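The structure appears below as structure tokens.
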Amino acid sequence: MTVTTDLSETETPRGAGPASMSPRILVNGASHELALDPRSSLLDVLRERLGLTGAKKGCDHGQCGACTVHIDARRVLSCLTLAVQVDGRAVTTIEGLSPVDGELHPMQQAFIDHDALQCGYCTPGQIMAAVACVHEGHATAPDEIREYMSGNLCRCGAYVGIVAAIQDAAPGMLGD
Ligand code: FES
Ligand code: FES
């Protein structure tokens, strides 16, 4: 008799969650194949399965930006993204933005230089959104930066420093 322990090959019991799936996710250059409940958010998988706690769970409803990461270099809210959706795609978190033991990313350094944080809870999401904002071409003026960073909330009100940091880092990032 053959007994299977692979949930993906079994019928889902009545009342139980759906069978697991095994997406292959590339996170900060490392490939992971994880058996997941298909309802798992990317944020929960990053934090609870991979131990990458840089992305924060502020609201878990797409309203604060604290969970911002990049997928294929585009910013996304990881709390609203199913982990199975990123099968075969490249995820970058704040932990992968600059090399371990290497120099900080220019945006990280600019946040330090401009005191663009207080408690720091929103900061990983702010920095990931800020990097994307620059690459999208939306960091040419303070008003534009405020508009395109408006999805990232800061309860400490560090907005003046955040805008200044983005203005400072943008030219170097774009090679000006
Ligand atoms: S935790 Fe994702 S937007 Fe707030
Ligand atoms: S620095 Fe505290 S929430 Fe932004």
Sorted by Cβ density within 10 Å, fewest first, the residues Glu144, Glu103: Glu103, Glu144
Mean separation of Cα contacts under 8 Å (6+ apart) over length of the chain, as relative contact order %: 20 percent
Per-residue Cβ neighbour rank within 10 angstrom, fewest leading, Cys156, Cys122: Cys156, Cys122
Packing-based exposure ordering (other Cβ within 10 Å, fewest first) of Ser78, Ser41, Ser150: Ser150, Ser41, Ser78
When the convex hull of its Cα atoms is projected in every direction, mean area for segment 14-118 (nm²): 7.7 nm²
Degrees separating the helix 123-135 axis from the principal Cα axis of the chain, which is the longest one: 70 degrees
Listed residues Met128, Met21, Met149, most fluctuating in the chain (Gaussian network, C-alpha, under 10 Å): Met21
For segment 76-124: rounded, prolate or oblate by the Cα gyration tensor [a/c cutoff 1.5]: oblate
Beta bridges by DSSP in the chain, antiparallel share as percent, to the nearest 5: 85 percent
Cα gyration tensor shape for segment 103-176, rounded if a/c is under 1.5, else prolate or oblate: oblate
Computed [θ] at 222 nm, helices only, for the chain once each DSSP H run of length n ≥ 4 contributes -39500 (n - 2.57): -7500 deg cm²/dmol
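Since every read-out is calculated from the coordinates, none of them should be taken as a lab result. It should be emphasised that the depicted structure is a prediction, and the values quoted were computed from it without experimental measurement. Ideal geometry is used to build each Cβ from the backbone, glycine not excepted, and the neighbour counts take in all protein chains shown.
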